[in-house]
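Have a look at the structure below before the remarks.
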Amino acid sequence: MTIIVEDGTVVANANSYISLVDAQSLADNLGYNTVTLTEDDVIKGMREVHKYSMQFKGTRVDADQSVLADFPRNDVWKYGNLVANDSIPDELKQAQVEAAISINGGTVSFGVDDGKKVASEAVSGAVSISYFDNGSSSSGSQRVEATYQTLQPLLNNSGAMRLIR
């Protein structure tokens, strides 16, 4: 797939907030200089960031924006300042790259499965759960946490989905 970058002008069929060259440069600057990202990694990173779409502050500037392009948005405030509704925040680009790095490293989704399989459970006055020794020891879930933390200034505080009428 070819990357089509959303630059704040509501680009048709946009599937990324950052080019492959800029994503690789940012990955290097973040200390991941041994990672070589592909266009697919970057686009999948955008899809992962899109999972937070219902938690983003503000509203899309155009109802016909690309399905994956949740920005640009109206009425987004970060650190007490209004974000221009024709811009793509740096936090969004970094979060996409963090997700792309995680995907490149083998993480499939946002850490919903730590790889541990239940060996036994018991309920008799107290709950007891034991796991097989097969849990993941990779740093993939830490990178995913970094993606989420990077997005924090752009997300509503409650963590719940917003209702827009």
Report summary line: Flagged pairs (Cβ under 8 angstrom, 6 or more apart or on separate chains; first in the stretch 52-72, touching a residue at least 40 places away in the same chain (Cβ under 8 Å); second in a loop (DSSP other than H, G, I, E, B) and among the aromatic types (Phe, Trp, Tyr)) are Phe56/Phe71; Ala69/Tyr17; Phe71/Tyr17
Report task. Examine the stretch 3-11 for a residue that is in contact (Cβ under 8 Å) with a residue 40 or more places away in the chain, over 19 Å from Asn156 (Cβ atoms) and within 16 Å of the chain's Cα centre (by Cα), and state whether such a residue exists. Result -> yes
Query raised in the report: Among (1) assigned to a loop (DSSP other than H, G, I, E, B); (2) surrounded by fewer than 20 Cβ atoms within 10 Å (Cβ to Cβ); (3) at pLDDT 90 or above; (4) among the charged types (D, E, K, R), which single condition is Asp70 missing?
Result: (2)
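Residue under question is Ala14, and the condition is that it be farther than 19 Å from Thr107 by Cα, at pLDDT below 95 and assigned to a loop (DSSP other than H, G, I, E, B); does it hold?
No; evaluated as a whole, the condition is false for this residue.
Give Lys44, Lys78 a once-over and let me know the one that is within 12 Å of Leu155 (Cβ to Cβ) and not hydroxyl-bearing (Ser, Thr, Tyr). If you could, list the steps in order and put the result at the bottom.
Numbers: Lys44 fails: within 12 Å of Leu155 (Cβ to Cβ).
Being within 12 Å of Leu155 (Cβ to Cβ) and not hydroxyl-bearing (Ser, Thr, Tyr) holds for just one of Lys44, Lys78, which is Lys78.
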Query raised in the report: Could you list, in sequence order, the residues of the stretch 73-90 that are surrounded by fewer than 19 Cβ atoms within 10 Å (Cβ to Cβ) and either of a type in the set (A, V, I, L, M, F, W, C) or in a loop (DSSP other than H, G, I, E, B) (or both)?
Result: Asp75, Trp77, Tyr79, Gly80, Leu82, Ala84, Asn85, Asp86, Ser87
Requested in this report: Among the numbered conditions (1) in contact with a helix residue (DSSP H, G or I) (Cβ under 8 Å, 6 or more places away or on another chain); (2) surrounded by fewer than 21 Cβ atoms within 10 Å (Cβ to Cβ); (3) at pLDDT below 65, tell me where Gly135 comes up short.
Outcome: (1)
Report task. Output yes when any residue across the stretch 91-104 is free of Cβ contacts under 8 Å to residues at least 60 places away in the same chain and surrounded by fewer than 20 Cβ atoms within 10 Å (Cβ to Cβ), and no when none is. Result -> no
Query raised in the report: Of Asp62, Asp90, Asp86, which residue is in contact with a Gly (Cβ under 7 Å, 6 or more places away or on another chain), within 23 Å of Asn156 (Cβ to Cβ) and among the charged types (D, E, K, R)?
Result: Asp86
Query raised in the report: Which of the residues that make up the stretch 17-36 are at pLDDT 95 or above, part of a loop (DSSP other than H, G, I, E, B) and buried (at least 17 other Cβ atoms within 10 Å of the Cβ)?
Result: Tyr17, Ile18
Query raised in the report: When the stretch 75-124 is examined, which residues are found to be farther than 30 Å from Gly8 by Cβ, modelled with pLDDT of 65 or more and over 17 Å from the mean Cα position of the chain (by Cα)?
Result: Val123, Ser124
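The values are calculated or read from the model by the stated rules, or taken from the named source; none is laboratory data. Not measured: the values here are computed from a predicted model. Don't worry about glycine lacking a Cβ; one is built from the backbone with ideal geometry, like all the others, and counts go over all protein chains shown.
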